[in-house]
Each structure stands twice: as C-alpha cells, then as structure tokens.
Amino acid sequence: MSGLDRVQTLWQLFLAGGLLMWPIVVMSLVVVTFGIERLFALRQRKFVPPELARELADLEDGRFAPRLAYRLCTDHPSVAGRVVQALLEKTGRPLPEMERAIEVEKEREASRLYANVRPITLAVTVTPLLGLLGTVQGMIIAFYTTANLEAGANRAAELAQGIYVALITTFAGLCVAIPAAMIAHFLEGRILKGFRAVDEVVDGVLPHLERFEGKGRVTPAQLAGGPPAGRGPPPPA
C-alpha cells in the first residue's frame, strides 16, 4: 500500500468514527501544545539558576547578608529565588514561622507550575471516555441496524461491520490517552526534581538566618533597599 493510500485509509477510518473523533483530536492538540509549553517552562534553570546557586553559596562561605541574598534572588527570578525571598522576609522571626513561609511559597509555586499540566491529565481521563462513548453509540447503531435488516440479509456481516466501525473511537481515545499519561508523568517528575533542587538551596540559607532570631523583624522594603528614616529596625547587613 502506497503512502497516499494509507493516508486515505486513515482518513476514511477517521470519518467512520463519527463526530466524537473531533473532540479526541482537540484533546490531542491540547496534549501536544501544553506538553511542549511545559517542557520549556520546567527547565532546571527555571527552578534554580546556576548563577543564583553559586552566588548564594559564595555568601554562605563568608558572613551571610540577608539584604544581599534578597537582591541576588531579585536579579535571578526563579522558583528558588521566590522561595528564598519569602524566607528572607521572615528574618528575625521564630524558626517555625520561617519554615511555614517556605512551605506556603512552595505550595504557591507548585500550584502555578502544575496549572498547565492539568489539561494533560484531563486528556488522560477524558479521551478514553470519549472513545468509549463513541463505541457505545456505534454499538447501539450497529445492533439497531442489524435488528431491522430485511429478511435474508447477512446479519452477521452487518453486525461485524458495525462493531468494527464502533471500536475506532476507543482506539483513537487510547492513542491519545496513553502518550498523554506518559507526558504528564514525565512532567510531574521534572517538577519534583526541580523542588528537590530548591530544597537544597533553601537548606543552605536557613541556618544562616537562625542567628537573627529575636533581633528585630525585617520588612521586604528594608531587604530591597531600606525603609524611610524612623521606620522599622535597621536591616541586617
């Protein structure tokens, strides 16, 4: 069979599948679109830029300065940068409060990162159901047609043809759902790996903030550049 004949046959099968083939195609486009977008959005440097990790490590080797660390995070926007900023904004407060700030910011970041993975997981669930719905519809039509054939007609052949056509949508739905499940699993693994790298950065910063506990609270404005005269405690160096 030539390539053109094969394409024509696939197109005929698609048309035979009925209207429910179109939503399945739409879901396949959703999987491809969001899959490509997340592959770029979930690169490792989006979690922890190498420059940020290196410069924070350099601070840890000497006298740690919360204000300088905050500026480094501002200069390297990333998941790790935003989590460390949330931690630095709790400088001077009790350790449980700092740990809570870390968890809240991580949950916020995780929600943002998972947002565009959810359409892919939706496709994993919906496309097999669309395929099953198309098959059930096709089976109903096949049995109805067979039951109303004229006397002497080949009922077995007609029924087999109807079932054959009905199963097309289930096949199409699974062809979309299986790769979508693999893509979603891969992306979720990449997110988890990214957060492990973020935890390593945070674990390096947190011990340096414990020495500021009880020495006055620091506001984001102070960390970013210092408050107006007469407002708030002096920011740490």
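The values are calculated or read from the model by the stated rules, or taken from the named source; none is laboratory data. Source: prediction; values computed, not measured. Cβ sites come from the backbone with ideal geometry, for glycine too, and all protein chains shown count toward neighbours. Heavy atoms of the whole protein, side chains included, go into the accessibility calculation; ligands, DNA and RNA do not. Shrake-Rupley method; radii C 1.70, N 1.55, O 1.52, S 1.80 Å.
3J(HN,Hα) along region 190-195, derived from phi through the Karplus expression 6.51 cos²θ - 1.76 cosθ + 1.60 where θ = phi - 60°, amounts to 5, 5, 4, 4, x, 6 Hz, with x in place of Gly and Pro. Contact order for region 28-167, expressed relative to its length and based on alpha carbon pairs under 8 Å spaced 6+ residues apart, stands at 23 percent. Fully extending the segment from Tyr114 to Ile163, taken as 0.36 nm per residue of separation minus the present Cα-Cα distance, adds 13.7 nm.
Ranking Thr169, Thr9, Thr74 from most to least accessible surface, computed with a 1.4 Å probe over the protein chains only, gives Thr74, Thr9, Thr169.
Here the label points at Glu107 and Leu68, each 7 Å from Cα along the C-beta direction, are separated by 3.4 nm in the simple model.
Computed from phi, the 3J(HN,Hα) profile of region 113-124 under the Karplus parametrisation 6.51, -1.76, 1.60 (θ = phi - 60°) reads 6, 7, 3, 8, 8, 4, x, 5, 5, 5, 4, 4 Hz, with x in place of Gly and Pro. Residue ranking by accessible heavy-atom surface, 1.4 Å probe, largest first, among Tyr114, Tyr70, Tyr144, Tyr164 comes out as Tyr144, Tyr164, Tyr114, Tyr70.
For region 42-101, the relative contact order comes to 32 percent (Cα pairs under 8 Å, sequence separation of at least 6).
Rolling a 1.4 Å probe over the protein chains gives Leu149 an accessible area of about 40 Å². Entry comment: accessible area of region 57-175 is 53 Å² per residue, from protein heavy atoms only and a probe of 1.4 Å.
Couplings 3J(HN,Hα) for region 12-22, derived from phi with the Karplus relation 6.51 cos²θ - 1.76 cosθ + 1.60 (θ = phi - 60°), are 5, 5, 4, 5, 5, x, x, 5, 5, 5, 5 Hz, where x marks Gly and Pro. Ellipsoid fit via the Cα gyration tensor, region 82-141: semi-axes of 48, 9, 4 Å, each the root of five times an eigenvalue, largest first.
Of all accessible surface on region 20-132 at a 1.4 Å probe, what whole percent is carbon and sulfur? Roughly 62 percent, rounded to a whole number.
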